[in-house]
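The values are calculated or read from the model by the stated rules, or taken from the named source; none is laboratory data. From a predicted model like this one, the values you see are computed outputs, not experimental measurements. Methodologically, a virtual Cβ is constructed for each residue, glycine included, from the backbone with ideal geometry; neighbour enumeration extends over all protein chains shown. Just so you know, the surface numbers come from the protein's heavy atoms only, side chains and all, with ligands and any DNA or RNA stripped out. Shrake-Rupley method; radii C 1.70, N 1.55, O 1.52, S 1.80 Å.
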Amino acid sequence: MWKPYLAFAKKSFLGRSAYRFEHWMGIFDTCLQIFIFWGIYKSLYGGRTQVDGITLSAVTTNFVLSMGLGAAFSVNENFLPSKIRDGSIANELLRPVSFQGRMLAEDLGNATFDLLFRFVPALLIAVLTIGIQAPAGGEMFLYFTISAALGYGVLWTIGFVTQMAAFWLINIWSLRTIKNVFVRLLSGSMLPLWFMPDWMSGMIHYTPFSSIYFTPVQIYLGQLSNGEIVGKCAIQAAWIGGLYLFGILLWQRGKRKLVVQGG
């Protein structure tokens with residue numbers, strides 16, 4: 001049952017390993033973003049160790065982990081749109097495997113490659129040069145790993161729903177761009193949610209975006225109790241389930257209106 005999907009994941013993983021220059025540029029790009037944000041926040045702190053109770057070390061840890069995970073969280077949001085444009089979606093629907101399962105398997109293959117060969121090297125470079133806080137303990141690091149995996153699930157299902165718009169729109173580039181802006185701004189990767197006004201941070205917590213990066217970082221830093229961790233992970237799982245069901249609804253409706261010419 002799982003063998004076809006493991007084969008898709010392996011194929012995408014090995015495909016990424018063929019492009020070594022892209023691999024090195026990915027590490028460079030991630031490190032460059034980290035150093036730029038470190039320089040910005042270091043200047044904003046102006047030699048102070050903390051602002052509003054938030055230490056520079058905690059902020060540094062936030063954007064290092066968030067940007068590192070962002071580099072590892074690979075989601076090919078052009079998978080479905082490209083197949084609708086060229087007509088190959090008709091052949092895909094005839095395959096004896098789940099289309100959504102194939103999408104996820106290939107993305108997981110890419111994400112595994114980026115995790116090992118982009119996130120880990122960039123994290124090591126950041127630790128050796130600018131330094132980040134150690135996890136709040138072995139137990140918290142385990143919870144962080146689980147929450148980060150759930151965060152990827154939230155990001156993937158958001159991308160999944162976005163791709164479904166390709167059944168109704170000729171080009172979803174603008175929609176993807178808007179979505180990416182919301183993810184970057186409201187997930188806490190660019191601006192930690194600690195610095196958001198109370199009314200705005202309260203609203204953000206009712207969206208799926210804070211579940212992508214900020215929740216895992218909070219767990220890593222030991223800012224949540226065990227009970228709060230369970231609640232946050234449950235929220236992440238709920239967003240994954242809700243967004244996936246919504247995406248499947250759009251998928252079923254989109255297939256009924258799909259018309260393929262040529263291909």
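Listing for the model above:
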| read-out | value |
| --- | --- |
| Near pairs, Cβ below 7 angstrom, 6+ apart or cross-chain, from the range 6-32 (under 20 Å from Ala105 (Cα atoms)) to any residue that is at pLDDT 90 or above and acidic (Asp, Glu) | Phe8/Glu106; Ala9/Glu106; Ser12/Glu106 |
| Test result for Ser66, under 22 Å from Met196 (Cα atoms), among the small types (Gly, Ala, Ser) and within 23 Å of the chain's Cα centre (by Cα) | yes |
| So Ser12, is it more than 17 Å from Gln133 (Cα to Cα), among the polar types (S, T, N, Q) and crowded, with 18+ Cβ neighbours inside 10 Å | yes |
| Residue match in the range 189-199 (condition: small (Gly, Ala, Ser) and either assigned to a helix (DSSP H, G or I) or at positive phi (or both)) | no |
| Failed item, numbered, when Ile34 is tested on (1) within 24 Å of Ala149 (Cβ to Cβ); (2) open to solvent by 30 Å² or more (accessible area, probe 1.4 Å); (3) not in a loop (DSSP other than H, G, I, E, B) | (2) |
| Restricting the range 114-126 to residues that are surrounded by fewer than 21 Cβ atoms within 10 Å (Cβ to Cβ) and touching a residue at least 60 places away in the same chain (Cβ under 8 Å), the residue that is farthest from Leu175 (Cα to Cα) | Ile125 |
| Residue in the range 92-101 that is modelled with pLDDT of 90 or more, closer than 28 Å to Cys31 by Cα, open to solvent by 30 Å² or more (accessible area, probe 1.4 Å) and more than 12 Å from the chain's Cα centre (by Cα) present | no |
| Inter-residue pairs, beta-carbon under 9 Å, first without any contact (Cβ under 8 Å) to a residue 60 or more places away in the chain and assigned to a loop (DSSP other than H, G, I, E, B) and in the range 152-174, second open to solvent by 10 Å² or more (accessible area, probe 1.4 Å) and of a type in the set (A, V, I, L, M, F, W, C), 6+ apart | Leu169/Leu175 |
| Where Phe182 falls short, out of the listed (1) more than 21 Å from Gly242 (Cα to Cα); (2) within 16 Å of the chain's Cα centre (by Cα) | (1) |
| Complete set of residues in the range 207-245 that are assigned to a helix (DSSP H, G or I) and among the hydroxyl-bearing types (Ser, Thr, Tyr) | Ser210, Ser211, Thr215, Tyr220, Tyr244 |
| Qualifying residue in the range 203-216 (condition: open to solvent by less than 60 Å² (accessible area, probe 1.4 Å) and within 21 Å of Glu106 (Cβ to Cβ)) | yes |
| Glu77 vs. criteria out of contact with any Cys (no Cβ under 6 Å at 6 or more places or on another chain), open to solvent by less than 30 Å² (accessible area, probe 1.4 Å), assigned to a loop (DSSP other than H, G, I, E, B) and not hydroxyl-bearing (Ser, Thr, Tyr) | yes |
| Residue list for the range 42-69, restricted to those being in a strand (DSSP E or B) and surrounded by 14 or more Cβ atoms within 10 Å (Cβ to Cβ) | Val51, Ile54, Thr55 |
